[in-house]
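The values are calculated or read from the model by the stated rules, or taken from the named source; none is laboratory data. Owing to the predicted nature of the structure, the values given are computational and were not obtained by experimental measurement. With ideal geometry, Cβ positions are generated from the backbone for all residues, glycine too; neighbour counts draw on all protein chains shown. The protein model used for the area step is the full one, side chains on, heavy atoms only, and it has no ligands, DNA or RNA in it. Shrake-Rupley method; radii C 1.70, N 1.55, O 1.52, S 1.80 Å.
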Amino acid sequence: MKTAKPIRLKRAFGPVVEGEALVSTEGFSPRYDLDRWSGLISRPGHALEGHNIKDKILITPSAKGGIAAGWAFYDIRAKGIAPRAFVFGVTNPVMVQGAVFAGITITEGWSASPYDMIRTGDMVRVDPAKKTLTLISRHKARGKGK
Amino acid sequence: MRLSAEEKAMLRGDRGRAVQEALQLQLEVGKFFGAKRFVQVSNVHMMGDIEVMGDAGKSFLERAAQSGAKCAKPTTTNARCVDFAHVERLKQDKNEVRKEQELIACLRRMDVITADTCINYQTIYQPHLGEHVAWGDTGTVIYANSVYGARSNFEAGPAALAAGLTGRVAEYGFHLDEHRRGTFQVNLKADLDDLADWGAVGRIVGASHQDYFAVPVFTGMKRSPTADELKQLGAALASYGSMGMFHMVGVTPEAPTLKAAFGGRKPKEVMTVSNRDLEKVYASYDTQGNPLNLVVFSGPQQSLLEMKQLAALLNGRKVAKGSQLFITTSNGVKSAAKELGYLKAIEDSGAVVLEGVCFYILQNLPQMRVREGWSNLVTNSAKLANIIGAHKFNTILRRTAECVDIACSGRDVR
């Protein structure tokens, strides 16, 4: 398939990563939304409740929660349940400090809404050096007949 | 980023591997936010307890301590998750308690002052206007920026530790004038007679403007607020809105006038908070038909003045049968409260005063909730009402005296 034009990211850190997108319309806190033993979004009523963040590219509009997130990223990375990247609309320093400490790719700001282009299950690439988010391929089940 | 000779030496590893790695972390974060240089900090406050760090964080810290790394600037710790005098009563996990003790020993080897308090700004260090510090938890940061006019970003545990080791932080966010100016105005028309009212304002303003760089400017106060009221307001703004700074015209140091608070810019929005808005907040909580058997004063820890007030409210009364009342404070405040007789008045009621901890991070809290049959948690802290939902509590914000009445009667007066 022909790839769509990449979304430009405002700020970015970390290695180039590819993976399945997990797209949230709601902000994310690793402390208050996440079961830090399984990787499941556990807070009742969260837009992603029941989804697992492990190895995903988590696309979320905002950062929630406090200081404790800094250790939490390192903790979930060590447990093998971290996402491959956090792609935030807006974030706060705690998320960035935590992701850098844990060595997880993190970005903030996007030139166009990813919600129009990327859906959960699609394969995407995050390139921090080029500051781009690119759709690689559609999720198979949804892509059929299109 | 421009680096000084000293910073270049740190990056080369001249001051050891822990300092080298700390500056590398700070450099990457600084680059992310477009910082041009580092600024020296005079004081560091870090969160590091076993509940938030996990085994991986603990191992990291042990490696750093083993390497002989020491903090270059006074570094204090935030509330922890175990009060060692109450481990049995709370049936906390002995293994985790041991890890918490090891963690404390490790931090002390690195010359960290394990004060275990989230009200360092009331009890330990009061930075002055323009002073750069590196603090975390969010409630401490918003207080430092707003009430003292000091300069700090939210510093996560590893980031604060890095600042302690290197004695500096990258200059971005609230270290820069451009981010400290007000962005919107909040006209306070409500009476705001209780600590919970100030927290409720924080909920209203924070939840509707979730943005680290949103800076509310408060006007219209009917009187000058107390330090504890500003503490509740700040903690709630940071909790609901992820905010790191506010101004209060005529009260906080960078807001002598409305014009000064906005730094010449126009407010993006003007909102008001009325008594009716506060009543709507209080009315938004319900018991869901479950008992009101848990009341907590915590998040932030109680100051000595709050302990005095609680002693007066609880004096001669008893916590209702089947109910529990918890209060958290610092070691220093608890000691003073004991000397002054406040502690006796509080404990004679059946209330439990925990030191050095915050209720919402207590080790084993989810298990404790189930074991004790807690569903509702009543508190005068809007912050606590917000964050403890993660542990599946249904929270109810009430004014301070109402919380005490609920603890002693098991019934909501509303």
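Observations, loosely collected:
- Qualifying residue in the range B:275-285 (condition: open to solvent by 10 Å² or more (accessible area, probe 1.4 Å) and part of a loop (DSSP other than H, G, I, E, B)): yes
- Scanning the range B:299-321 turns up no residue that is of a type in the set (Lys, Arg), within 21 Å of residue B:222 (Cβ to Cβ) and at pLDDT 95 or above.
- Complete set of residues in the range A:80-101 that are within 9 Å of another protein chain (Cβ to nearest Cβ), open to solvent by 10 Å² or more (accessible area, probe 1.4 Å) and not β-branched (Val, Ile, Thr): A:101
- Each residue in the range B:332-357 was checked for being within 21 Å of residue B:53 (Cβ to Cβ) and either among the hydroxyl-bearing types (Ser, Thr, Tyr) or open to solvent by 10 Å² or more (accessible area, probe 1.4 Å) (or both), and 1 pass.
- Residue in the range B:209-219 that is within 14 Å of another protein chain (Cβ to nearest Cβ), touching a helix residue (DSSP H, G or I) at 6+ places or on another chain (Cβ under 7 Å), surrounded by fewer than 21 Cβ atoms within 10 Å (Cβ to Cβ) and under 22 Å from residue B:282 (Cα atoms) present: yes
- Conditions (1) crowded, with 22+ Cβ neighbours inside 10 Å; (2) within 14 Å of chain A (Cβ to nearest Cβ); number of the one not met by residue B:261: (2)
- Within the range B:325-340, residues that are without any contact (Cβ under 8 Å) to a residue 12 or more places away in the chain and more than 17 Å from residue B:115 (Cβ to Cβ) reach partners that are part of a helix (DSSP H, G or I) and of a type in the set (Lys, Arg) with beta carbons closer than 8 Å, at six or more positions or on different chains, in the pairs B:338/B:344.
- So residue B:303, is it more than 20 Å from residue B:86 (Cβ to Cβ), touching a helix residue (DSSP H, G or I) at 6+ places or on another chain (Cβ under 7 Å) and either of a type in the set (Val, Ile, Thr) or surrounded by 19 or more Cβ atoms within 10 Å (Cβ to Cβ) (or both): yes
- Test result for residue B:51, at pLDDT below 95, among the acidic types (Asp, Glu) and buried (at least 17 other Cβ atoms within 10 Å of the Cβ): yes
- Condition met for residue A:109 (at pLDDT 95 or above and outside any strand (DSSP E or B)): no
- Residues of the range B:183-205 that turn out to be under 22 Å from the mean Cα position of the chain (by Cα) and surrounded by 18 or more Cβ atoms within 10 Å (Cβ to Cβ), as a count: 13
For (1) more than 24 Å from residue B:238 (Cβ to Cβ); (2) within 14 Å of another protein chain (Cβ to nearest Cβ), each residue gets a yes or a no:
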{"position": "B:346", "(1), (2)": "yes, no"}
{"position": "B:350", "(1), (2)": "yes, no"}
{"position": "B:358", "(1), (2)": "no, yes"}
{"position": "B:362", "(1), (2)": "no, yes"}
{"position": "B:375", "(1), (2)": "yes, yes"}
{"position": "B:388", "(1), (2)": "no, yes"}
{"position": "B:395", "(1), (2)": "no, yes"}
{"position": "B:399", "(1), (2)": "no, no"}
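- One residue stands out in the range B:118-130 among those that are more than 16 Å from the chain's Cα centre (by Cα) and open to solvent by 10 Å² or more (accessible area, probe 1.4 Å): the one that is nearest to residue B:176 (Cα to Cα), namely B:130.
- Those residues of the range A:118-138 which are more than 14 Å from residue A:60 (Cβ to Cβ) and open to solvent by less than 30 Å² (accessible area, probe 1.4 Å), in sequence order: A:121, A:122, A:127, A:128, A:132, A:134, A:135
- Unique residue being out of contact with any helix residue (DSSP H, G or I) (no Cβ under 8 Å at 6 or more places or on another chain), open to solvent by 10 Å² or more (accessible area, probe 1.4 Å) and not charged (D, E, K, R) when the list is B:105, B:72, B:56, B:115: B:105
- Segments classed as strands (runs of 3 or more DSSP E), wholly inside the range A:6-75, with at least 2 members that are within 22 Å of residue B:138 (Cα to Cα), open to solvent by 10 Å² or more (accessible area, probe 1.4 Å) and within 14 Å of chain B (Cβ to nearest Cβ): A:57-62
- Residue tally, condition open to solvent by less than 40 Å² (accessible area, probe 1.4 Å), closer than 20 Å to residue B:309 by Cβ and more than 22 Å from the chain's Cα centre (by Cα), over the range B:358-414: 5
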